[in-house]
1. What does DSSP give for chain B in terms of the percent of beta bridges that are antiparallel, rounded to the nearest 5?
2. Tell me, in nm to one decimal, what length is gained between residue B:289 and residue B:85 on full extension, where the rule is 0.36 nm per residue of separation less the Cα-Cα distance?
3. So who's got an amide H within less than 5 Å of the one on residue B:210, skipping anything under 5 residues away but keeping other chains? H placed 1.01 Å off N, in plane.
4. Identify the residue of chain A whose Cβ lies closest to the rotation axis that maps chain A onto chain B, and give that distance in whole Å.
5. Amide H to amide H under 5 Å from residue B:301: which residues, 5+ apart in sequence or cross-chain, H placed 1.01 Å off N in plane?
6. With the label 7 angstrom out along Cα to Cβ, how close does residue A:121 come to the same site in each of the other copies, in nm, nearest first?
7. Of the accessible area of the range A:26-171, with the probe set at 1.4 angstrom, what percent is carbon plus sulfur?
8. With the label 7 angstrom out along Cα to Cβ, how close does residue A:304 come to the same site in each of the other copies, in nm, nearest first?
Number of protein chains: 2
Amino acid sequence: MTGGVARASRNGQVSTPGSALGLHRVLEPAGVLPQAAWRLDSKPAIWPDEVRVAVQRLNLDAASFRQLHQAHDGDAAAIKAAVLEIVSSRGKMQNPVTGSGGMLTGVVDEVGPDSPLGLQVGDKIATLVSLSLTPLVITDGLARWDGKSEQVPCEGHAVLFGRSIAAKLPDDMPAELALSVMDVCGAPALTHRVVSSSPAESPTVAIIGAAGKSGSLSAAAARQAGAGRIIGVVPHEAEAQLLRQAKSSDGEHGLVDDVVIADARDPVGVSSALERAGGPADVTVVCVDVPGCEGGAILSTAQGGTVIFFSMATSFTAAALGAEGVAADVTMLVGNGYVPGHAQLAIELIRAEPGVRGIFQRRIDEHSE
Amino acid sequence: MTGGVARASRNGQVSTPGSALGLHRVLEPAGVLPQAAWRLDSKPAIWPDEVRVAVQRLNLDAASFRQLHQAHDGDAAAIKAAVLEIVSSRGKMQNPVTGSGGMLTGVVDEVGPDSPLGLQVGDKIATLVSLSLTPLVITDGLARWDGKSEQVPCEGHAVLFGRSIAAKLPDDMPAELALSVMDVCGAPALTHRVVSSSPAESPTVAIIGAAGKSGSLSAAAARQAGAGRIIGVVPHEAEAQLLRQAKSSDGEHGLVDDVVIADARDPVGVSSALERAGGPADVTVVCVDVPGCEGGAILSTAQGGTVIFFSMATSFTAAALGAEGVAADVTMLVGNGYVPGHAQLAIELIRAEPGVRGIFQRRIDEHSE
């Protein structure tokens, strides 16, 4: 903290209070957060609590790349030109249509003396805050990008604020696997916290979408946090098989204790199926990106229990009114993607749990086919 | 509970498992919850865990009445005909366009032997579950309704399920005040629970929209639950004055300890103003029905704190991504409108706190002018 006193950094710039959020980098409109800004100051000289990163790769948000691809009929040169234009005019890679960004990987180039992020020059990192709020300059004209996928090899620099989030990439696994894990690492971290503080002894945990990335990691986190019984909900037999094959590292359990096939959008169907498998759950974790799962999750949860909504397809009003409509005294959490230590916890789960790693590897292989 | 064994009620009907949710009243489509159903069975004969109510008044949801009023150009006879048509064809008053219902008041007419609601024949009650899931028959052709407001005097019957929510209307206050209190009673109940279980000693509580109905009740609930400092956020000076005039019954405090004027949609503005008033808050309660308040609430909350979103204008994704974007380790709760005992708690707060009652009375008077 700079104590509110303006001081010069080694680059001759001046820190101002509030800089932990990057407010000093906002050029227009004045006074908004970097994510809401039209244009950021992306100069390489850093404030005392900032970190500058030499960028190696951008991972564009899927929705953003899809929009660019459609708007330019898949013309790679036009897509490249569009990305360069966005970054040079806005000082960040935030698609003006979708509003979304993505993440990046790179090497730490300079660390301000007041940076709280714990990074060292030379660390290979991934940013876990969105590109939509990260000051960015591209210097190679995207010469090495084919314009055909969200993976953008690139040279340039980016800036992290005091309250940015970045994680060191582990040496013992491919970057693609690590990024895929970090992309969903908020889910296992919050699941771990909720299960370990549950008032129920050995709580029953239901994971809706347990054969997916965030679902399988959350199942492993629930086990580590002391869940007594874990029930995985999947939409069809193929996913059920995938999940049944995933073993837990303790040799005793599967990744889940029971697998239930049900349509998560059918409240009566999913809650009845869960009840037959030992439910209702003390903690229900929603990890499927399908609209309409609120009622099923609520009905599947015991009175006094907790539902964690990680799906971005969750409707706030459907959750609020759904619980009231069935007199459900359940705590409903908005799945916050940030819990301190979340990336580390998720990477450790992947190292320890071959069942989860297998699910991730399979998803990566399918995607690259 | 009927133990899953089919048994005859005194009306010769048969109970089936699952009836606490009213599934046995769903005619089409089969297998969905009553709220999602197109048509309910609204016959007067009750299942063993049901309650039948002689209806006195419907309070249509504001959005529903507005839609009907616009669709029929304010023609009272046409609006009446539309409501009668909806209720007779659907067996419930659920506006097919808005999906919303409302609530009703009436007198308990028959209580099934297995009803868990604790009601007696003759009790004057309000339903706190939506009309959109309540079996309803209108028998007076709405002869006493002028078609000009949401308040619909009416004769007929309605049915409450085992898991419905109803509250007795108190004898010591006008029905209009009691209904107005019950309409928002989930907010003070959940605020009370969160503040009293906060890990912070004498937690600081910020109420965004503190001069409104749910906001003022939540402020009083926070005080009762042990809040150390309560900061009320309002949009302009007129509301600030209203709030400053509202005293607490203990004679020592105001309803809030400090009043801050700020635009809740401006994250930097509202969090800076709160910080000057003694923030950040350990618990932030969002009670304003305006979109875009997620970021301000998150930034106004200390790390490790809790945000409760009661506004139906809350965006799930804005909350989830907003917290991640500023590395905010805050617990974010979807404001569940149901907490056991919520109506009783709110009515007792109104009885005890003249400052809150004054705010309610003023809102009611403004509305009836």
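1. 60 percent
2. 70.3 nm
3. Close amide H contacts, sequence-distant or interchain: B:233.
4. A:316, 2
5. Here the answer is B:281, since their amide H atoms fall under 5 Å of that of residue B:301.
6. 8.8
7. 50 percent
8. Relative to the other copies, residue A:304 has label-point distances of 2.7 nm.
The values are calculated or read from the model by the stated rules, or taken from the named source; none is laboratory data. The model shown is predicted, which means the values in this text are computed figures rather than measured ones. Every residue, glycine as well, gets a Cβ built from its backbone with ideal geometry; the counts of neighbours run over all protein chains shown. The area values use the complete protein model at the heavy-atom level, side chains included, leaving out ligands, DNA and RNA. Shrake-Rupley method; radii C 1.70, N 1.55, O 1.52, S 1.80 Å.
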